[in-house]
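Chemist: Below you'll find the structure I mean.
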Amino acid sequence: MLGFSMIQLAREHSDKFDKELRQQLIHLYKPLRRTPCFLHRFIENRLKKSKKLPVIIEFEHMYSALNKVHDVVELDGKSKIMQEFPSTSSCSAELTAKTIEKLMSNDCQIKKIYYDREVKALLDVASPSVHAQQLNQKGITGKGINIAIVDTGVHPHEDLTQPTNRIVAFKDFVNNKLEPYDDNGHGTHCAGDAAGNGFSSDLRYRGTAPEAGIVGVKVLNQMGSGSLSTIVSGVQWCIDHKEEHKIDIISLSLGAAADESDCNDPLVQIVDKAWESGIVVCVAAGNSGPDQRTIGTPGISAKVITVGAMDDQDTINRTDEDIAPFSSRGPACGEVSKPDILAPGVNIVSLRAPGSFLDKTSKSSRVDDDYFSLSGTSMATPICAGIVALILQAHAEESPDQVKQRLLDTAIDRGLPEYVQGAGYVDAVKAVDSSNDA
């Protein structure tokens, strides 16, 4: 089989195909293992013309190359360009193997092609333990700051809509619905971790920034999964609508396995662009601990704030806390020190989305009528994003780099290795009150 064209293509352009795409091209020949040799060439041609692969194409120079790529793609009635991502000089597409072969032989200024693989939501008393309530009592509540929850959607829970509606915008990249909803439940929980105000619990279950605004961006489906291109679309939308919706922070409690050979994949590229546009980006480290080198993408980005999870033992006292065993460990790509910081992520009570997938399948996690308990770096991330909202309310002039440095400089050292804890456990009061010369 070594002589087959897709195997030769994968080898010849190994630097321009990510690992998953190389594997997909080679796996094209699986059906031939039980096929007589004299039929191989005929079946190979059929497979190359019929098998479609979802990809993201990164260009050396996007606009000078895109017309040429369109010309090649249009010759194949089964291939098509899906979306363009100007911020990262890339586009998503569905291509037959034959079209990929043609693109690589037509000098289309292609820098790299990535398989558009699956991305998942990262699942596996928090606010008092990070001292956010002390700031809330002083009027530092995240008011005037908006957090984009890029996830499974947002249910219009009373803790987000009463006494005033703080869901300031909603965009659905999955089903194109106009009104806020969440058919999975994960995004709603994350929104509450960051900005729930405790309206339905007499203030018992509150997020770290209970007056911050929420921008719901649905990029994951009912099962909590999506694709690289959909996530890129969601973050690109946040960049494009930053001023319109005053998006200050993006919280990403999702990820995919990182490819150690590629530290600059499409998710890393787009979150870096968001950061450079002035948006603070908080990303979950992942739930693949306790092994080292388990940080997911886009958490491997050196720019963003990558958040691991602490187990606060359901107490405000910090002396009994420990790293959650599931929290992913670094170092990350290129020996980048990750995670950056830890926040509570075990048994976090937040908002319930009635009738959602998680609500139906995990009934034991319901807390009273309006709340739900979940664990994961998914929960730690929006808790950290809420603290960022408090910082930005108090220090509106600070850049993403300055906000990140403030968090790192004031984190509580838990005496763990850097690849486990980063700078340590987040402390909202110290982060807001400290002087910052970053």
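Chemist: Binning every alpha carbon pair distance of the chain at 20 Å from zero, what are the percents per bin?
Modeler: Values per bin, smallest distances first: 27, 52, 19, 2.
Chemist: When the solvent-accessible surface of protein heavy atoms is calculated with a 1.4 angstrom probe, in what order do TYR114, TYR205, TYR63 fall, highest first?
Modeler: Largest accessible area first, the list is TYR63, TYR205, TYR114.
Chemist: 222 nm [θ] for the chain, helices only, -39500 (n - 2.57) per DSSP H run of 4+, per residue, to 500?
Modeler: -9000 deg cm²/dmol
Chemist: Identify, among ALA194, GLY226, ILE250, the residue whose Cα sits farthest towards the positive end of the charge dipole of the stretch 172-260, taking +1 on the Cβ of Lys and Arg and -1 on the Cβ of Asp and Glu, with the dipole about the Cα centre.
Modeler: Of the candidates, ALA194 comes out farthest on the positive side.
Chemist: Shifting gears a bit: Run the paramagnetic zone check for LYS363: 7 angstrom along Cα to Cβ, then residues of the stretch 210-250 with backbone nitrogen under 12 Å.
Modeler: Within reach of a label on LYS363, which here means backbone N under 12 Å from a point 7 Å along Cα→Cβ, the stretch 210-250 contributes nothing.
Chemist: So, one more: How far apart, in nanometres, would the label points at ARG293 and ILE26 be if each is projected 7 angstrom from Cα along the Cα-to-Cβ direction?
Modeler: For the pair ARG293/ILE26, the computed spacing is 1.8 nm.
Chemist: Here's a follow-up. Normalised by the number of residues in the stretch 182-273, what is the relative contact order in percent for Cα pairs under 8 Å and 6+ residues apart?
Modeler: Averaging sequence separation for qualifying contacts and normalising by length gives 21 percent for the stretch 182-273.
Chemist: Which value, in Å² rounded to 10, gives the accessible area of ASP401 with a 1.4 Å probe and all protein chains present?
Modeler: About 100 Å², ignoring ligands and nucleic acids.
Chemist: Give a residue-ordered list of calculated ³J(HN,Hα) values for the stretch 321-337 (Karplus: 6.51 cos²θ - 1.76 cosθ + 1.60, θ = phi - 60°; whole Hz; x for Gly, Pro).
Modeler: Whole-Hz 3J(HN,Hα) from phi for the stretch 321-337: 7, 8, 4, 5, x, 7, 5, 5, 10, x, x, 9, 3, x, 6, 5, 6.
Chemist: So if I place +1 on the C-beta of Lys and Arg and -1 on the C-beta of Asp and Glu, and nothing else carries charge, what would the dipole magnitude of the stretch 211-359 be about its Cα centre? I want it in debye, nearest 20.
Modeler: 260
Chemist: Per residue of the stretch 14-30, in order, report the coupling 6.51 cos²θ - 1.76 cosθ + 1.60 (Karplus, θ = phi - 60°) as ³J(HN,Hα) in whole Hz, putting x for Gly and Pro.
Modeler: 4, 7, 10, 10, 6, 4, 5, 5, 4, 5, 4, 5, 6, 5, 4, 8, 3
Chemist: Just the number, please: Stokes-Einstein D of the stretch 126-214 in µm²/s, Kirkwood Rh from C-alpha pairs, 37 °C, 0.692 mPa s.
Modeler: Estimated via Stokes-Einstein, D reaches 251 µm²/s.
Chemist: Would you work out which of CYS238, GLY415, ALA380 lies farthest towards the positive end of the dipole of the chain? Charges go on Cβ: Lys and Arg +1, Asp and Glu -1.
Modeler: After comparing all options, I get CYS238.
Chemist: Leaving out ligands, DNA and RNA but keeping every protein chain, what accessible area does HIS61 have, in Å² rounded to the nearest 10, with a 1.4 Å probe?
Modeler: 120
Chemist: Taking the Cα centre of the stretch 40-79 as origin, sum charge times position over the Cβ atoms of Lys and Arg (+1) and Asp and Glu (-1), and report the length of that vector in debye to the nearest 20.
Modeler: 400
Chemist: Here's something else I'd like to know. Output the pairs from LYS120/LYS177; LYS404/LYS430; LYS143/LYS360; LYS218/LYS404; LYS48/LYS78; LYS52/LYS242 with a Cα-Cα distance over 23 Å in this structure; if there are none, say none.
Modeler: LYS143/LYS360; LYS218/LYS404; LYS52/LYS242
Chemist: In nm, give the distance between the simple-model label positions of TYR63 and ASP401, each being 7 Å from the Cα along the Cα-to-Cβ direction.
Modeler: Going by the 7 Å Cα→Cβ label model, 2.8 nm.
Chemist: Within the stretch 211-292, which GluC sites (Glu not before Pro) sit in a loop by DSSP and count at most 13 neighbouring Cβ atoms inside 10 Å?
Modeler: GLU243, GLU244, GLU260
Chemist: Based on alpha-carbon centroids, what's the gap between the stretch 53-99 and the stretch 227-265 in Å, whole number please?
Modeler: Taking the Cα centre of each part, the stretch 53-99 and the stretch 227-265 sit 20 Å apart.
Chemist: Normalised by the number of residues in the stretch 130-219, what is the relative contact order in percent for Cα pairs under 8 Å and 6+ residues apart?
Modeler: Over the stretch 130-219, the number comes to 44 percent.
Chemist: Skipping prolines and chain starts, which residues have an amide H placed within reach, meaning under 5 Å, of the one on ALA423, given they are 5 or more residues away or on another chain?
Modeler: ILE341
Chemist: Over the stretch 158-262, what lengths in whole Å, largest first, do the semi-axes of the equivalent ellipsoid take, defined as the square roots of 5 times the eigenvalues of the alpha-carbon gyration tensor?
Modeler: Computed over the stretch 158-262, the values are 25, 16, 14 Å.
Chemist: For the chain, with only Lys/Arg (+1) and Asp/Glu (-1) charged at the beta-carbon, what is the dipole magnitude about the Cα centre, in debye rounded to 20?
Modeler: The calculation lands at about 1940 debye.
Chemist: Here is a further query. With a point put 7 Å past each Cα toward its Cβ, work out how far ASP76 is from GLU179 in nm, to one decimal.
Modeler: 4.2
Chemist: On the Cα set of the stretch 219-300, report Rg and Dmax in Å, please.
Modeler: 13.0, 42
Chemist: Take the Cβ-Cβ distance between ASP107 and CYS37 as r, set R0 to 25 Å, and report the resulting FRET efficiency rounded to the nearest 0.05.
Modeler: Here the calculated transfer efficiency is 0.15.
Chemist: Kindly point out, ordered by number, any Cys in the chain whose beta-carbon has no other cysteine beta-carbon under 4.7 Å away.
Modeler: Isolated Cys, the chain: CYS37, CYS91, CYS108, CYS190, CYS238, CYS282, CYS384.
The values are calculated or read from the model by the stated rules, or taken from the named source; none is laboratory data. These numbers were taken from a predicted model, which means no experiment stands behind them. Cβ atoms come from the backbone with ideal geometry, glycine included; neighbour counts cover every protein chain shown. Please note that ligands, DNA and RNA were not included when accessible areas were found on the heavy atoms of the full protein model with its side chains. Shrake-Rupley method; radii C 1.70, N 1.55, O 1.52, S 1.80 Å.
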